[in-house]
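This is the structure, below, for whatever I ask next.
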Amino acid sequence: MEGSAGLRWALSEFEDIQFGDKRVEDRFIFTVGQMAERPSVSLPQVFSSPKDLKAAYRLFGNPSVEANDFLECHIDRSLERISNAGTVLVAQDSTFIE
């Protein structure tokens, strides 16, 4: 896989995502990958290109992109990782582990 660490993670995490349109799926992977690179900043800071920022906002407003669709993929991958781990720590609230 080529690309940034965020893009590689997004490709792996959401490889089974299906919105019924390959272009939307590709845009979703790109957008999530970019956001994963800088999770603590605003969208205008994540996307240096106005075109990519506008495309991200269009993606979020797309009626075919349902939260349950991508959460299902994320939950499946999380369960796979948990089943292969010896010990799992689950932080809640505003806990920060570095």
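The values are calculated or read from the model by the stated rules, or taken from the named source; none is laboratory data. A quick note: this is a predicted structure, and the numbers were derived from the prediction, not measured. Heads up, the Cβs are rebuilt from the backbone with ideal geometry, glycines too, and the neighbour counts pull from every protein chain shown. The area values use the complete protein model at the heavy-atom level, side chains included, leaving out ligands, DNA and RNA. Shrake-Rupley method; radii C 1.70, N 1.55, O 1.52, S 1.80 Å.
Give the stretch 56-73 a look and list any residue that's surrounded by 15 or more Cβ atoms within 10 Å (Cβ to Cβ), part of a helix (DSSP H, G or I) and touching a helix residue (DSSP H, G or I) at 6+ places or on another chain (Cβ under 8 Å), or say none.
Residues satisfying the conditions are Ala56, Leu59, Phe70, Cys73.
Hey, another quick one. Is the stretch 46-58 home to any residue that is at pLDDT 95 or above and under 25 Å from Phe96 (Cα atoms)?
yes
Checking the structure you have, find out if any residue of the stretch 24-41 is closer than 22 Å to Cys73 by Cα and more than 12 Å from the chain's Cα centre (by Cα).
Yes.
Suppose the filter is of a type in the set (S, T, N, Q) and either loosely packed, with under 12 Cβ neighbours inside 10 Å or within 21 Å of Ala67 (Cβ to Cβ) (or both); does Ser4 pass it?
no
Please list, ordered by first then second residue, the pairs with beta carbon atoms under 8 Å, 6 or more apart or interchain, first in the stretch 78-89 and under 16 Å from Glu13 (Cβ atoms), second open to solvent by less than 100 Å² (accessible area, probe 1.4 Å) and assigned to a loop (DSSP other than H, G, I, E, B).
Ile82/Val88
Could you identify the single residue in Arg77, Arg81 that is among the basic types (Lys, Arg) and open to solvent by less than 100 Å² (accessible area, probe 1.4 Å)?
Step by step, each of Arg77, Arg81 is checked, and only Arg77 is among the basic types (Lys, Arg) and open to solvent by less than 100 Å² (accessible area, probe 1.4 Å).
Further question: Which condition does Leu71 not pass, out of (1) under 16 Å from the mean Cα position of the chain (by Cα); (2) more than 19 Å from Gly6 (Cβ to Cβ); (3) without any contact (Cβ under 8 Å) to a residue 24 or more places away in the chain, if it passes all the others?
(2)
Next question. Of the residues that sit in the stretch 9-53 and are hydrophobic (A, V, I, L, M, F, W, C) and in a loop (DSSP other than H, G, I, E, B), which one is surrounded by the fewest Cβ atoms within 10 Å (Cβ to Cβ)?
Val41
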